[in-house]
1. Of VAL253, VAL311, VAL229, VAL270, which residue is modelled with pLDDT of 95 or more, within 26 Å of PHE201 (Cβ to Cβ) and not assigned by TED's automatic domain parsing to the domain that holds ASN24?
2. Going through segment 208-247 one residue at a time, which ones are surrounded by fewer than 21 Cβ atoms within 10 Å (Cβ to Cβ) and among the basic types (Lys, Arg)?
3. Based on this model, can you work out whether LYS114 counts as more than 23 Å from GLY319 (Cβ to Cβ), in contact with a Ser or Thr (Cβ under 6 Å, 6 or more places away or on another chain) and of a type in the set (Lys, Arg)?
4. Determine which member of the set LEU348, LEU329, LEU334 is among the hydrophobic types (A, V, I, L, M, F, W, C) and in contact with a helix residue (DSSP H, G or I) (Cβ under 9 Å, 6 or more places away or on another chain).
5. Kindly indicate whether LYS53 is without any contact (Cβ under 8 Å) to a residue 24 or more places away in the chain, outside any strand (DSSP E or B) and under 27 Å from ASP290 (Cβ atoms).
6. Looking at the structure I just gave you, is VAL72 within 21 Å of PRO150 (Cα to Cα), aliphatic (A, V, I, L, M) and outside any loop (DSSP other than H, G, I, E, B)?
7. Considering only residues of segment 320-329 that are of a type outside the set (A, V, I, L, M, F, W, C) and assigned to a strand (DSSP E or B), which is surrounded by the fewest Cβ atoms within 10 Å (Cβ to Cβ)?
Amino acid sequence: MKIRVLFAIYTLLSAIGLSVFAQNPIIHNQYTADPTARVFNGKVYLYPSHDIKTPEGKNLRKDWFCMADYHVFSSENLTDWTDHGVIVSQNKVKWVDSTSYSMWAPDCVERNGKYYFYFPANSNQVDANGRKGFGIGVAIADKPEGPYIPQDEPIKNVKGIDPNVFIDKDGQAYLYWSQGNIYGAKLKENMTELDSEPVIFQNLPAKGLKEGPFLFERNGNYYLTFPHVENKIERLEYAMGDNPLGPFKMAGVVMDEAPNGCWTNHHSFVNFKNQWYLFYHQNDWSPKFDKNRSVRIDSLFFNTDGTIQKVKPTLRGVGMTKATDKIQLDRYSLISDKGATIAYNDTLNYFDGWKTIFTEINSWAQYNSVDFGAENYKWMEIKYFAKNGGIVGLSLNQLQLKVVTKIKLPAGTGWRTVRVKVKGLKTGVQNIILSNAGNKAVEIDWVRFD
């Protein structure tokens, strides 16, 4: 009941443009998966799928993916995200089976001032073989956040999931999708019809599920990237070629299998302000059920030969955090080997986030890229739990734990929030380190400065 009430509140807030402050995972007001990130008008727009809990009485599998609609989010800094609400839902598209809850991984591109949103769903139409199956539809808008108007019919001659659209430098658009294999075809100028026969990409792994293609170009290289089950769960792999329709040659792994065992991964690449980023998902907000997933971001780098450096998932993610925002120390950049651990605040409500637990003296956690601006802050607010009291050390920029301030925390039987005076802070962007400066266990939810 508690989670259902929270979702109702989040839905209401989304309708009025809820802002969420993010580190990994970046969206805090709902489950999000299969992220496609695009840069439009100087902002990053995120088009994910929307996992939900399986509704009661719908004759649906309880152990499977359940998706009824799509939201769009935007950000100017990759940290503060605005939820613009629902843009397409299964009960408002003529060709979609509105009982199937199968609105899987989408994409969106801009052409000639119009925005084209591509989405897969189970069709309510029967084909020549008497089967319904997945189709790929298009919804069109004048703005990246919508409103979007779905076309009455799916794209002809396309059966599958996970649409991805790439527009080459010469203006030719291509559609990619998966259904056992990975397919590609040219799109007509209207962006809603194929302009060539689909091709099946060869020289990709023959064994194990592969899906979710995302194609991009950099320095004349075309990268066909996709999730693939090499062992038991998906990892992100890629192939390279010199043409949008191949041939492609396998080049390596972008991201290994998720350490938390999430069966799927799905991704996109985006270049924003001259830095490349990888958007992907894991099941942070749902550790016991990996069909409810959440979007993450990490920085991406290339080698001099154009190959991709493997990305290691981080909790810190990307972007600056304002000193006045709640700094979630548990989304650390670095952490000591002993005496510092991360745990959920509430295992009955995972959306309540995490806490950092210090059990040994001098155990520490470092959080990078806190923006103190030009202000000379002298106060810190901290939410903590210390049954027997404790002492927390605050350091800047170095792991030698040169403590600039020691903070004495009074004992208490529950979580407390106190405002304490601190010294030694600096202006500009700093890395902060909090450590256990005493010999008693301390738990920290967040800190912020004023």
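The values are calculated or read from the model by the stated rules, or taken from the named source; none is laboratory data. Worth saying up front: this structure is predicted, and the values here are computed from it rather than measured. Cβ placement follows ideal geometry from the backbone for every residue including glycine, while neighbour counts extend to all protein chains displayed.
1. VAL311
2. Listed by number, the residues that qualify are ARG218, LYS232, ARG235.
3. no
4. After ruling out the rest, the residue left standing is LEU348.
5. No: the conditions fail for LYS53.
6. yes
7. Restricting to residues being of a type outside the set (A, V, I, L, M, F, W, C) and assigned to a strand (DSSP E or B), the top hit is LYS322.
Conditions (1) out of contact with any Phe, Trp or Tyr (no Cβ under 7 Å at 6 or more places or on another chain); (2) in contact (Cβ under 8 Å) with a residue 60 or more places away in the chain, marked per residue:
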| position | (1), (2) |
| --- | --- |
| ASP352 | yes, no |
| GLU360 | yes, yes |
| ASN368 | yes, yes |
| ASN376 | yes, no |
| VAL404 | yes, no |
| LYS421 | no, no |
| GLN430 | no, yes |
| VAL442 | no, yes |
